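Where a number appears in this text, it was derived from the coordinates with a stated rule and is not lab data. Nothing here was measured: the structure is a model prediction, and the numbers come from that model. Cβ placement follows ideal geometry from the backbone for every residue including glycine, while neighbour counts extend to all protein chains displayed.
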Amino acid sequence: MTSHVCSVRCATDLYNNVQPMRIFLQLLFWLYIAALLFLSLASFAGIDLRIEREDIFGIPIDKCIHFLMFLPYPFLAYFSSKRKNYWRTLFYVGMTGITLAFLLEVSQGVFNTDRVMDIWDMVANIIAILIGTAFLLLFKRK
């Protein structure tokens, strides 16, 4: 009887300690989504970023920037979710990330006259989502 009481008490303590962290991660996730929306849909015409490099290891610098913008998505989405079923959560993280990457790239040509959809930007976005999701597989708890 006492072991049951202890396990319930321990589970409650764990929940109370985890809840503020989950709220923080959810807030961070939504701030990240807002930043993605802004960076993907805002017009930067006429702004000189003074980037001197044109490529990194032969990959155009703008594709590297797209990759780095979307790489955090799987981690933030995964750790801000409830994660009741590991595989289902991982699947949803990957699919929502790919959908978001697709929709943001397509919407550039629709909502902004200064920007156009680039299939290679979308490829960089999706590769970042897939690599981030695959990285989560490496750290699966047993």
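Overview of results
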{"read-out": "Which of Phe38, Phe57 has the fewest Cβ neighbours within 10 Å, and the rest in rising order", "value": "Phe57, Phe38"}
{"read-out": "Farthest toward positive dipole pole in the range 25-138 [+1 Lys/Arg, -1 Asp/Glu at C-beta], among Thr113, Leu31, Ala124", "value": "Leu31"}
{"read-out": "Structure-based [θ]222 nm, the chain - -39500 (n - 2.57) summed over DSSP H runs of at least 4, per residue, nearest 500", "value": "-25500 deg cm²/dmol"}
{"read-out": "Charge dipole magnitude, Cβ of K and R +1, D and E -1 - the range 64-123, Cα centre, debye nearest 20", "value": "560 debye"}
{"read-out": "Förster-model FRET efficiency, 25 Å R0, Gln26 and Ile127, C-beta, rounded to 0.05", "value": "0.45"}
{"read-out": "Principal axis dimensions, largest first and in whole angstrom, of the chain by Cα", "value": "70, 27, 25"}
{"read-out": "Total lysine pairs whose alpha carbons fall under 21 Å of each other in the chain (8 or more apart, or interchain)", "value": "4"}
{"read-out": "Label-point gap, in nm, between Ala35 and Arg88 - each point 7 angstrom along Cα→Cβ", "value": "3.1 nm"}
